[in-house]
Amino acid sequence: MSAQTPGPAQPAEPEGAAGAAASADLPDDAAEDLSFRQDRLEQSSGIYRWIIRLERSVASVFLLGVFVLVLTQVVSRYVFSSPLSWTEELARIVMVWLTFLAAMFVSSRRAHITGDLLATAVTPRVSRAVGMFAELVVILTAAVMSIAGIAMVVLVSGVSLPATSLPTTLLYGAAVVGFIGIFIHAILALYLQIRHPEDELDPVMKAAELEGI
């Protein structure tokens, strides 16, 4: 038997390609939404993962609802010349809820728009400190806005919207739910940053991941 001539050395597989190949072998729960990386808590807690999926699913339904309501308003106004006043008001309510539910989901995946210029110019330790400070600011802001939202809901209680006769608290309640959700997600994100700093991505890698690079 003749000796087999060894072929040319194969180049090392790029780290990104290796990660993509590895992700193909992951279960559906771990491989979904690769552009929004699941953190350690979401991967380990079925309840937390279910809550995040619920936020995303309801926001998706509301997005479809806004489209249907706006389309109904346009058709009724320009095709039948008989506009429905309630569609515009209901679309506004659904749009507000969509905004805050989507903000909660994006906050759970820590994918809100951020400025990484400072984080990329300092050491990893300083970068982590900047990230934790940013989470503290989010927590404080969400807490203040939640309290203000509750006060607004109490203030408008008993008042109805003119076109649909729905309670005005339904409109302002979206802000309360949204900011409380963001507050909880930010608290958990700060805990993970402190308890598991090894899971934190480099700012450049995080930006590339979110942009699909």
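For the range 39-104, compute the orientation-averaged projected area of the C-alpha convex hull (one quarter of its surface), in nm².
4.7 nm²
Among 99-108, 154-163, sorting by the average number of other beta carbon atoms lying within 10 angstrom of each residue, highest first, gives 99-108, 154-163. Compactness check for the range 45-195: Cα Rg over 2.2 N^0.38 Å is 1.30.
Using a probe radius of 1.4 angstrom, the carbon and sulfur fraction of the accessible surface of the range 124-197 is 78%.
Top to bottom by accessible area (1.4 Å), largest first, where do Trp50, Trp97, Trp86 land?
Result of the area sort, largest leading: Trp50, Trp86, Trp97.
Accessible surface for the range 38-190, divided over its residues, is 58 Å² per residue with a 1.4 Å probe.
The values are calculated or read from the model by the stated rules, or taken from the named source; none is laboratory data. Note that this is a predicted model, so its numbers are computed, not measured. Positions of Cβ are generated from backbone atoms using ideal geometry, with glycine treated the same way; all protein chains shown enter the neighbour counts. For accessibility, only protein heavy atoms count, side chains too; no ligands or nucleic acids. Shrake-Rupley method; radii C 1.70, N 1.55, O 1.52, S 1.80 Å.
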